[in-house]
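The values are calculated or read from the model by the stated rules, or taken from the named source; none is laboratory data. If you're wondering where the values come from, they're calculated on a predicted model, not measured in any experiment. Positions of Cβ are generated from backbone atoms using ideal geometry, with glycine treated the same way; all protein chains shown enter the neighbour counts. Note: accessible area is taken over every heavy atom of the protein model, side chains too, but ligands, DNA and RNA are not part of it. Shrake-Rupley method; radii C 1.70, N 1.55, O 1.52, S 1.80 Å.
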Amino acid sequence: MGGLQKKKYERGSVTNYITRNKARKKLQLSLPDFRRLCILKGIYPHEPKHKKKVNKGSTAPRTFYLLKDIRFLLHEPIVGKFRDYKVFVRKLKKAYGKTEWTAVERLKENKPAYKLDHIVKESCVLTAVPFCGKCHVETIQLCRRLTVEWMNYVIASRSLRKVFISIKGIYYQAEVMGQLTTWLVPYQFSHDHPTDVDYRVMATFTELYTTLLGFINFRLYHSLNLLYPPKLDIKAESELKEEGDDDDYAMNSECYLEKLSALSTSLARVVSTAEDEEAQLDKFPVEEEDLEKMEAREMEQKQLEAHKKLFEGLKFFLNREVPRESLAFLIRCFGGEVSWDKSVCIGSAYEVTDETITHQIVDRPNIDKQYINRYYIQPQWVYDCVNAKILLPVEDYFLGVTLPPHLSPFVEEKEGDYVPPEKLKIMALQRGEKPAHEEEEEEEEEEEDDDEEEEEEDDEVEEKNLKKLEEQRSQGKSLSVKVTAGKVKVNNPARMEQDEKAEEKRLAIMMMKKKEKYLYDKIMFGKKRKIRETNKLTAKRKAHDDAEKSKKKTRK
Amino acid sequence: MEESSSRSTRSNEQRKEMKKVLEKTVKKRSKEEEEEQEQEEVQIFNFKCTKEEEETKEEEDLSDSEDSVFSGLEDSGSDSADDDEEEEGSDHKGPEKDDLKIEDEEEKRGTETEEKQDDEYKHDSSDEEDIRNTVGNIPMEWYKDFPHIGYNLDGKKIYKPIRNKDELDDFLDKMEDPDYWRTVHDKQTGSDIVLSDEQVALVNRLQRGQFGDVNFNEYQPQVEFFSQDVMLHPVTNRPADKRSFIPSLIEKEKVSKLVHAIKMGWIKPRRTEDDSRGRYYDLWANEDSSILAKHKMHLPAPKAPLPGHQESYNPPPEYLFTDEERALWEQQDASDRKLPFVPRKFSSLRQVPAFPRFLHERFERCLDLYLCPRQRKMRVNVNPEDLIPKLPKPKDLQPFPTTQSLVYRGHSGLVRSISVSPSGQWLASGSDDGTVRFWEVRSSRCMRTVQVGGAVKSIAWNPNPLVCLLAVARDSVVLILSPSLADRQVVLSTERLLSGQREAESTEEVGPVTWSDAEGEELSQGITLKIQHPKAVHQVTWHAKGDYLASVMPDHSSHLQVFIHQVSRRRSQNPFRKNKGLVQCVSFHPVRPYFFVGTQRSVRIYNLVKQEMTKKLQANSKWISSMAVHPGGDHVICGSYDCRLSWFDLDLSTKPYKMLRHHKKAVRSVAYHRLYPLFASASDDGSVIVCHGTVYSDLLQNPLIVPVKVLRGHVITHDLGVLDVTFHPTQPWIFSSGADATIRLFT
């Protein structure tokens, strides 16, 4: 055999990957710069299928990047900017060292800056999940502005779908251009700044996301015919000005953001259009099969419309102790009117004394002066209503009442999953059923349980009897021969069939191949674990309910 | 009290200062204004009042000023106790009460005036030299014993005023003299000076921080000499320098350096922000393609999981941790935890605090996004029901035994072996209790019991329906039993077969195996022949024709493991010259002259005519326990102690066509049905599994194997369950014998 000798690790998957250090050397960047570049360009390490092959036979832990990705980075203009910046820092240091202040000034004026526009253009918009973890750098102001703009867009487009108060913050989910976007807003407290967090990394991410969000906002605003940067509706603005002196709150420049973040005014449009042009589905001549689908779609559309107008016609007033921004955002998203105390924030529309207020949101045990013609409710009502897509009865949310649990709207229970009873209740309300008397339900449930248990017991008794008979038969000699009246064993045909099927299945399982059996066992194990967890939750709930009941009784 | 006192001290200080200023101004101006002393005008210091009020005001003022005098002194070096005293004094000093207090005050005053004089020395500065008295800046008390107080410019003595005022006079003055408030004591001359109105006004102006001159305009327009305007005439008369005509060399150097740097591109002109399009614009206006999305290997980051009910600030009570769960959570390593946080319940929204690990979580997400290697994992969503193979329903594969219908009892030891007569009427069983029992199948009656005098290892009924013989392996002897449980003709033919052997016997040479006739009692029990082997026999099996009998003596070391006996000629032979492994079981091919030998790992098939090995089947199991050959002869099943049953298709391969792992414990015995497509396996787990196994005559079609029934009934004793299993020759019935000393019939 002639030809060149084949060398190991020169073809195959090894040629597709490059280790991090090699990539860094190829790009001639320092590690922090390389990392920044990776963050900005969205390059991430890949895990090769056969690590040992790619690692040239070694099993040392290494991270691998795709060679194509790195080649792609080679042509990135921002790499040049990074180098420029490095040079700039060097020059600046030198100038400082020589105390040439004019040079320092001149250099500072020409500090190299880069724009991330082209990068944003490349990156896939939809993969980036915006997050509002605020970084403690100068960009906070920018972040705040973008967030507020985003919220205003969501209000204007009425695209909020779900909201959830968790212990970490408040989750919102909006449907923007058919894409579900979820974001988390932390509670408005100062967060302690842990030392084991690399803020440079966070800053780089923030840099990217602010640019990205800016462009997204621009695009979204234009899709709604809104001006960007957003301007408040002039009419509304003038009203605002009449009402309260802006000078009380802030400088003119700051005032804009404040007003925008008050979320109380609608935005100015490029073309003043009729308020709600309802996108009606055009009716195409369709075949019968599609007809059902169409109908279902129409129904969905209708529901969505109804959901969007959930709070229409309601007038809210926020007490000063409730989270104003979140609630104002929510209520405005679903068409309600909202106001707050003048001293809390700019942009309050009406006073507490307004007679037309329908709901006042209060988060304190009781309140001194109450108006008769409005409901005093706790803030959770608003959130629960949004998730339930209906106006829930307010009785459970009055002042001083123990609130019903707040459920996550993101959990979609499949068959066999545990469903908290509260969710069942809400689902019943959604179907339009009247809430039945609770205790009756409970009693029924208990009865059902009892029945099942009895059945099981029956089975056991039967089996025991059989066993006894068997034993007696096996000890044939000692058995005194005696004929006893036989009991007629009722054959339950359904049950027999079930048994037969179960046995069939068991036998079929015996015939499975080893691989499939393994997989099957694994799946079944997972299922069983799920069932176990469900049962555990049910048991816990039951114990809790029983404890509550007994407590009630003793109190009585 | 405290507050008021501090306030009063503050006011006192102010007043004191005022007085000082007053004194100074007096010193300055007294020279010019000595003549105007006599003028009298009544005006209150700070405010204009009516005459009536003036009196009282004055009094208050006076008392205050007194106060101020010593309080100021006290301030310089005293503690607050004195202050308090003062306070009291001032408080009590209402206009009605002062009679009582006067004497006290006077005493105090005496002491305090001395201090005052001490103090005064400090505040004088030599800058403001007073020239009326030429003694200079000396303490005036040096002159207190003299009638004069110093010398004027002419060298004449300046005499003190004739009558020195004592305290009483002073007080009276204070009370009576309306000008007392504007009277100032001139230390230099020792005389009292009453300030004129102008002087008081001046003092007021100075106190207010205004210019002393009333007519001075502080807002006069300023004339700027050196302004940016080019003037017609030079401001100065100085002739211009030469350097103002000649360009500067240093500057030139500097400029040339800059120019050079600019030329070389070292210095760049100031960057101008290109904000023509605004900070943001429609980035995706032209095209909406992203490079990364086109990239084939691009793996989008997995989305962060959405929160569940546990994360709620007010979760349903079942999601909260119990104490044990909480303890477990705390013990666990952070990576092992199911939830990264402890669910908590807050009764209202205002009580929810900031989440302490919020930043950490965000940071971890960031790290995951750019540091975590990504790999595409194919997750198939398998419906477990789809994994279960679609088999024909057992119902459609009937008949097969389904229920236990009879139990044969009588043995007292474990029943090792059973065998059914070819007619299907009788069942023979051999047990460890040393008996062989014959049962009628349908009635479960024990017809005969034969004591063989040792544990029966194996038993086999002659498959020839024309003879009624039974081979029994007991220790190292194989007994041929003639139970005479058949009609007369059969019994006769059996006897003929056995008697025919006797003639041939004489010709046989002596080998390892000896044949002998049974005698006496044994004969009466039906034992007709005894075949003595060198070692313990484990298994006996008949050839289908019923003339040949094979026996197995497992032994590692010897080649004498298998013997084939011919009953009609009373001959035995050892077919193998070499030891090829521990022989477990043997079997004859039902039709052709093949002989199957099951060793520990494999099954060898020998052609008896050609006297050679034709095949070696690899069982892929550790230890074969039993073997059965399909009545068609093309298929073999092997049971092994490692719970497997392997089905060999001899036409297909030497590897098993199918491995069945149905049993949980060692498989003890396997059997084929002679007529029906059924086979069964018995195991130590106490179960007998009946499978349907259709064999097609078409070679291309693989046999169909379907388990149809799991039969249970035997009780596991001493870890042994079912020891032997055999089918009824004609009916779809199955017999099984177990370690619980019973035999069971399933129909």
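Below are the figures for this structure:
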{"read-out": "About the Cα centre, charge dipole magnitude for the range B:588-687 (Lys/Arg +1, Asp/Glu -1 at Cβ), debye", "value": "200 debye"}
{"read-out": "Over the range A:292-428, volume per residue of the alpha carbon convex hull, in Å³", "value": "131 Å³"}
{"read-out": "Solution diffusion estimate, µm²/s, Stokes-Einstein, the range A:297-366, Kirkwood Rh from C-alpha pairs, 4 °C, viscosity 1.567 mPa s", "value": "100 µm²/s"}
{"read-out": "Counting all C-alpha pairs of the range B:424-558, share separated by more than 23 Å (%)", "value": "31 percent"}
{"read-out": "In Å², nearest 10: area of B:E198 left accessible to a 1.4 Å probe", "value": "110 Å²"}
{"read-out": "Computed lengthening from B:D173 to B:Q228, 0.36 nm per intervening residue step minus Cα-Cα distance", "value": "13.3 nm"}
{"read-out": "Under Karplus coefficients 6.51, -1.76 and 1.60, residue-wise ³J(HN,Hα) of the range B:712-728 in Hz, glycine/proline x", "value": "10, x, 6, 8, 7, 10, 6, 6, 10, x, 8, 9, 9, 9, 8, 8, 5"}
{"read-out": "Separation between Cα centres of the range B:378-441 and the range B:716-738, rounded to whole Å", "value": "5 Å"}
{"read-out": "Area buried, chain B against chain A - accessible surface, total, 1.4 angstrom probe, square angstrom", "value": "9400 Å²"}
{"read-out": "Inter-probe distance in nm under a simple model that places probes 7 Å from Cα toward Cβ, at A:R320 and A:S13", "value": "6.5 nm"}
{"read-out": "Hull volume in cubic angstrom per residue (convex hull over the Cα atoms of the range B:517-605)", "value": "104 Å³"}
{"read-out": "Amide H within-cut-off set for B:R374, under 5 Å, with H built and near neighbours excluded", "value": "A:H46, A:E47"}
{"read-out": "Length-normalised contact order for the range B:542-653 - Cα pairs under 8 Å, 6+ apart - percent", "value": "16 percent"}
{"read-out": "Compactness of the range B:656-729 - radius of gyration and Dmax, Cα, Å", "value": "13.3, 45"}
{"read-out": "Kirkwood-type radius of the range B:333-460, with distances r between different C-alpha atoms, in Å", "value": "23.2 Å"}
{"read-out": "With all protein chains modelled, accessible area of B:W515 [1.4 Å, Å²]", "value": "20 Å²"}
{"read-out": "Mean projected area (nm²) of the alpha-carbon convex hull when the range B:198-248 is viewed from all directions", "value": "7.3 nm²"}
{"read-out": "Net length gained if the chain between B:K655 and B:W142 were fully extended (0.36 nm per residue, minus Cα distance)", "value": "170.6 nm"}
{"read-out": "In Å, descending, principal axis extents of the Cα set of the range B:155-211", "value": "39, 37, 14"}
{"read-out": "Amide H contacts of B:T599 (H built 1.01 Å from N, under 5 Å, at least 5 apart or other chain)", "value": "B:Q584, B:R604"}
{"read-out": "Long-range amide H partners of B:L723 with built H, under 5 Å", "value": "B:S737, B:G738, B:A739"}
{"read-out": "Karplus-derived HN-Hα couplings along the range B:448-457 (A = 6.51, B = -1.76, C = 1.60, θ = phi - 60°), whole Hz, x at Gly and Pro", "value": "9, 10, 10, 7, 9, x, x, 5, 8, 8"}
{"read-out": "Among B:Y606, B:H556, B:S621 - extreme Cα towards positive end, dipole of the range B:507-635, charges at beta-carbon", "value": "B:S621"}
{"read-out": "Relative contact order computed over the range A:1-116 (Cα-Cα under 8 Å; 6+ residues apart), in percent", "value": "26 percent"}
{"read-out": "From phi via Karplus (6.51, -1.76, 1.60), per-residue ³J(HN,Hα) for the range B:143-149 in Hz, x at Gly/Pro", "value": "8, 6, 8, 9, x, 9, 10"}
{"read-out": "Per-residue SASA entry for A:S343, accessible area with 1.4 Å probe, Å² rounded to 10", "value": "80 Å²"}
{"read-out": "Label-point separation in nm, A:D546 to A:L67, each point 7 Å along Cα→Cβ", "value": "6.7 nm"}
{"read-out": "Extension reserve of the B:N215-B:R357 stretch, reckoned as 0.36 nm per residue once the Cα distance is removed", "value": "43.7 nm"}
{"read-out": "Heavy-atom accessible area order for B:I734, A:I390, largest first, 1.4 Å probe", "value": "A:I390, B:I734"}
{"read-out": "Net charge contributed by nearby residues that have their C-beta within less than 11 Å of A:K315 (K/R +1, D/E -1)", "value": "-3"}
{"read-out": "Contact order normalised by residue count of the range A:336-400, Cα under 8 Å, 6+ apart, percent", "value": "26 percent"}
